[in-house]
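Q: First, the structure itself, so that you have it in front of you.
Only the coordinates and a few stated rules stand behind these numbers; no lab work does. Bear in mind that the values here come from a model prediction, so they are computed numbers and not experimental data. Every residue, glycine as well, gets a Cβ built from its backbone with ideal geometry; the counts of neighbours run over all protein chains shown.
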Amino acid sequence: MQQLATLFWEICLLRKGPQDVPSAAVLFWLLLVAGFIVDLIMAVNFVSWQNALLVVLANTVLLFGVVVLLLVMLGYAARIMQTLTTLIGTGLVFSVIRMPLIIVIKLMPDDGETGIFGFLEIFILIWSLVVIAHILRHALSIQLMLAGVLSFGYFMLSYQLVNYFIPQAA
């Protein structure tokens with residue numbers, strides 16, 4: 001378990017890539033369940049259980065759909081399991097990092113001032129987009145700039161999806 005956590009941390013630091021992650025269905029499913037639960041717990045801080053479930057399901061389907069479509073279109077279908085496992089694993093790392101920030105922000109007065117915690121949240125968001133771009137660059141064998149555009153495009157789609165289903169959450 002510690003080796004996996006270290007591996008995903010190394011990917012978040014851009015030292016390793018999806019090619020270093022085992023292509024194992026068991027690992028994929030374990031991480032998917034863990035990631036789903038953690039994302040659901042985090043989403044409940046902002047919306048009801050029903051809306052949180054909807055958002056997490058929609059974002060998971062969106063991520064999988066975009067990644068699978070890109071991999072199949074570019075002829076890298078064999079990389080689907082590793083790529084999705086890597087995205088889920090690194091997503092868990094970012095969720096663990098964000099959890100204390102979300103708790104602190106939720107405990108702050110409701111005056112809109114989050115100060116350094118809001119800055120840290122934005123920093124983590126940008127860092128996660130860079131990591132997604134890093135993963136896509138390796139998985140799709142494309143330039144980092146194009147992978148960055150795809151990463152940002154995915155983020156915008158995800159944001160619009162949340163805003164569409166739950167306008168008050170965005």
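Q: When only C-alpha pairs under 8 Å and at least 6 residues apart count, what is the relative contact order of the chain, in percent? Can you show the working numbers first?
A: Values: 152 pairs, mean separation 49.4, N = 170.
Computed over the chain, the figure is 29 percent.
Q: Could I ask something else about it? How large is the charge dipole for the chain, taken about the Cα centre, if only the Cβ atoms of Lys, Arg (+1) and Asp, Glu (-1) carry charge, to the nearest 20 debye?
A: The dipole of the chain has a size of about 460 debye.
Q: Quick check on the chain: helices-only [θ] at 222 nm, where DSSP H runs of length 4 and up contribute -39,500 (n - 2.57) each and the sum goes over total residues. Nearest 500, please. Mind dumping the intermediate values first?
A: Working: 6 runs with 131 residues, N = 170.
Calculated mean residue ellipticity at 222 nm is -27000 deg cm²/dmol.
Q: For the chain, just the Cα set please: Rg and Dmax, both in angstrom.
A: Cα only, the chain: 16.0, 51 Å (Rg, Dmax).
Q: What list of ³J(HN,Hα) values in whole Hz, one per residue of region 125-134 in order, does the Karplus curve 6.51 cos²θ - 1.76 cosθ + 1.60 (θ = phi - 60°) give from phi, with Gly and Pro shown as x?
A: So the J values, rounded to whole Hz, are 4, 4, 4, 5, 5, 5, 5, 4, 4, 4.
Q: Another question, then. How big is region 23-104 on each of its three principal axes, counting only the C-alpha atoms and giving the largest first in Å?
A: That gives 43, 21, 20 Å along the principal axes, largest extent first.
Q: Okay, moving on. Helix 25-43 versus the longest principal axis of the chain: what is the Cα-based angle in degrees, 0 to 90, to the nearest 10?
A: 20 degrees
Q: On to the next question. Using the scaling law 2.2 N^0.38 Å as the reference, what is the normalised Cα Rg of region 1-52?
A: Details: Rg = 13.9 Å, N = 52, 2.2 N^0.38 = 9.9 Å.
This ratio for region 1-52 stands at 1.41.
Q: So, one more: Cα gyration tensor of region 69-167, axes a ≥ b ≥ c as square roots of the eigenvalues: rounded (a/c below 1.5), prolate (a/b > b/c) or oblate? List each step's numbers first, then the result.
A: Details: a/c = 2.41, a/b = 2.09, b/c = 1.16.
Prolate is the answer for region 69-167, as a/c is 1.5 or above and a/b outweighs b/c.
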